[in-house]
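Working notes for the structure below.
The values are calculated or read from the model by the stated rules, or taken from the named source; none is laboratory data. Everything numeric in this text was worked out from a predicted model, so none of it was measured. Neighbour counts run over all protein chains shown; Cβ positions are idealised from the backbone, glycine included.
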Amino acid sequence: MTSSSSSLSSSPSSSSSSSLSHSVPPFLERYFKDCLSLPDLYSLASLLRIGEREAERVVLKHRESVSGCKLRELLCTKEARELRVEILEMLSRYAVTRVGREKIRTLTPTSDREELQRRFYDVRAGMELLQLLGDENIRRVRARLSKVELERVVISRARAPIIAVQDRETEQLVRNYYGDFITVEFVDSADTARELLSRGDCILLVGEQGREQEHEYDEPGIIPRGVDELSEPCKIYPEFVVRRYIARQGVIEALIEILEQFEAIRNSKLFSDANITVTATTGTGTATGTATAAIADLKAAASLIREAKAELEGGTEVAGSFDELLVRYEEEINSEAMRIMRRGGGGDEFRAYLENVLSQMADELMLRGDDRATLWESALEGIEAGAGADAGAGMPFEFAREKIASLRTRYNRDRAERCYYRLVELASQLERYEELVGRATEKLFYLDFLLAVALFSRDFELNIPVLIDGDRRGLGVEMGKNIFLKEEELKGGARVIPVSYSIGEVKLGIFGATHHPVAILTGANSGGKTCLLNTLASSVILTELGLPVPAERAEIPLLPLYLYRRKMIKKTGSFEYSLRALSRIFMREGGKVVLIDELEALTEPGAMGRIMASILNNLPEDTLAVVITHLIHEILPHISMEKIRVDGIEPEGLDDSGEIIVDRQPIFNHIGSSMPELVIKKLLGRVRRAELRAVYEEIIRVLEEERAKVSSEMIRK
């Protein structure tokens, strides 16, 4: 993509990550940053030893630190933040990988105009890719992506190396760098070192050692390391380094397949504008260049990862354990002894055969010096336990188990030491691909993210908004649709009726929408007022997330959002609580978007009308607001019409089932009819008794006169 092709998942700076409340030892910092930037909540939770919900909060804080913009500073009410979660949860269902879904759920808003334009650029690239690939190829790509699994790296003290130190200063250095993820032990003699070896197959002896000391500790399983190597995990904890790459094996292999099979992706902005090859240092130098070169480098990395995985699984070592190998040789020796006996051969022939077998066995086990002698002694002791020198005497043949116990121990330690040095070599080679593998992993999951956004945008008819700039203040959507109603439509529900609406200065040209910064929205229940409010709120939130909005055209300001939904007011039921919540609007200077849905249930209508009028009259400068209310008659006498507009959604009547028939497009500078008026008109058409008709007609006349009076008052003001 662009220089921030993963601008929504950019790599953390050390300062931002260090500001988090959780800390990790230095050797895990790169892994920690990887988990944060992807994000990989599962691995992050394991690393920090917390739950995944807490890990999500850690990622959100990190993203806030990177962007310099806190979630609560743009989405300033609990209702606004809840709406963000609802929208992103809906979008996340379009991603097919776990990390892709986590990337969506942890998106945070920003008011940085350049950053938002970079995000919009990426979204456009995803939409273009959707068109270039076509539906069938998109299905194939997503099917392959759905099989990608980013494995968790298990960091266990039981599997970590034992670090032996010879002074307290070195011990503290180890603990500072590796924390409690590694076992550190103090040794002062070869005997102490051997005791440590009894707990595992090898230990790392760290310290400034002279030749005499090295000789003192010279036996299989004791691996000397210098203090200056402590900061090199490849030499101290190579298995962890190797497992970090093995965890991404499936990711790399999937990306190779996708790049090879789909030219449109290979040549897309995602891989051409910021090539994933960046720098991949190989044995022949540094390779950079085209996607073809990237594929070659990725294949080299994948091959090395497979080799490392085989090493960890024992694929390149002697097959089976020491005991299994011992039993195999015993079976071969006994089988040959029987053949010699059947041919009439004697003990000399058998001993000559045994000598060759033991030599072969010693070579296979890579035994040296005293260990070879121990092997011979164990075999001879097994023969001498028999009754003579004949080939079949003392059969079946067995190595002396007590004699060979020390050999088994030394063999396992020697094998573990060889494995350690091989892992050091592999870890060092893999680290040359660190940047390549990191970028490739990031881009694969970003591809899932972009395709999810593109498909979501296509299904929900979303479009990229225009960011209002300069001194202009306005908010507007043209042919906007409530995103949650659209979801129901896609499931087979009723078709969503688009509406156009604006406040403040916009260039959408919506007929009748004067440039008042504040609007009161009136009309009957179920007329669509709340749906319109949610459409406006969703459009603000999606814009500040860098995502397209549910409208054909939209102009959105980069302002803090204060959303007060009706369900919150009903849930709290507290006049004091709600007023405290509203007070936040006045406690912060500067422009903001305020969207309020029906506060009237908090107290008696007359008092509530005056309270709402005071709130509207005293809104901070540059505030854009839409307030839904049924108390327009109580509010209107007390507000200034210079900056406040009254709009109405005008119902056309009720159908036979009592459902409202309504044109959901608001009429600007117009008071909408109320539900009581509609109901009484419906009842009037069914009444035959003259006395009752007269009552209903009187009620309707009074309601119409009241509405006309309020309308004329509004015009006069």
Would you check which residues across segment 91-105 are surrounded by 23 or more Cβ atoms within 10 Å (Cβ to Cβ) and more than 15 Å from residue 150 (Cβ to Cβ) and list them?
-> 91, 104
Contact list, first residue from segment 203-223 and in a helix (DSSP H, G or I) and aliphatic (A, V, I, L, M), second anywhere and surrounded by 12 or more Cβ atoms within 10 Å (Cβ to Cβ) and modelled with pLDDT under 85, beta-carbon distance below 8 Å, six or more apart or interchain, is none
(1) touching a residue at least 60 places away in the same chain (Cβ under 8 Å); (2) more than 23 Å from residue 153 (Cβ to Cβ): which one isn't true of residue 34, the others all being true?
-> (2)
Matching residues in segment 309-324 - criterion: being of a type outside the set (Ser, Thr, Tyr) and at pLDDT below 85 | 313, 314, 315, 317, 318, 319, 320, 322, 323, 324
Tell me, please, whether a residue that is touching an Asp or Glu at 6+ places or on another chain (Cβ under 9 Å), within 22 Å of residue 440 (Cβ to Cβ) and of a type outside the set (Val, Ile, Thr) can be found in segment 62-72.
-> no
Could you please let me know if residue 433 is aromatic (Phe, Trp, Tyr) and either within 30 Å of residue 224 (Cβ to Cβ) or under 23 Å from the mean Cα position of the chain (by Cα) (or both)?
-> yes
Wholly within segment 93-190, helices (runs of 4 or more DSSP H) carrying at least 3 residues that are free of Cβ contacts under 8 Å to residues at least 12 places away in the same chain and acidic (Asp, Glu) = 113-145
Going by the structure shown, is residue 281 modelled with pLDDT under 80, in a strand (DSSP E or B) and loosely packed, with under 15 Cβ neighbours inside 10 Å?
-> no
Residue tally, condition more than 12 Å from residue 538 (Cα to Cα) and not in a helix (DSSP H, G or I), over segment 477-492 = 4
Segment 362-381, subset charged (D, E, K, R) and assigned to a helix (DSSP H, G or I), residue farthest from residue 323 (Cα to Cα) = 370
Residue 338 fails exactly one of (1) at pLDDT 85 or above; (2) of a type in the set (A, V, I, L, M); (3) buried (at least 20 other Cβ atoms within 10 Å of the Cβ), namely (3)
Out of 333, 276, 246, 252, which single residue is at pLDDT 95 or above and crowded, with 20+ Cβ neighbours inside 10 Å?
-> 252
If you check residue 535 against the conditions, is it in the same structural domain as residue 483 (by TED's automatic domain parsing), closer than 19 Å to residue 647 by Cβ, at pLDDT 95 or above and not hydrophobic (A, V, I, L, M, F, W, C)?
-> yes
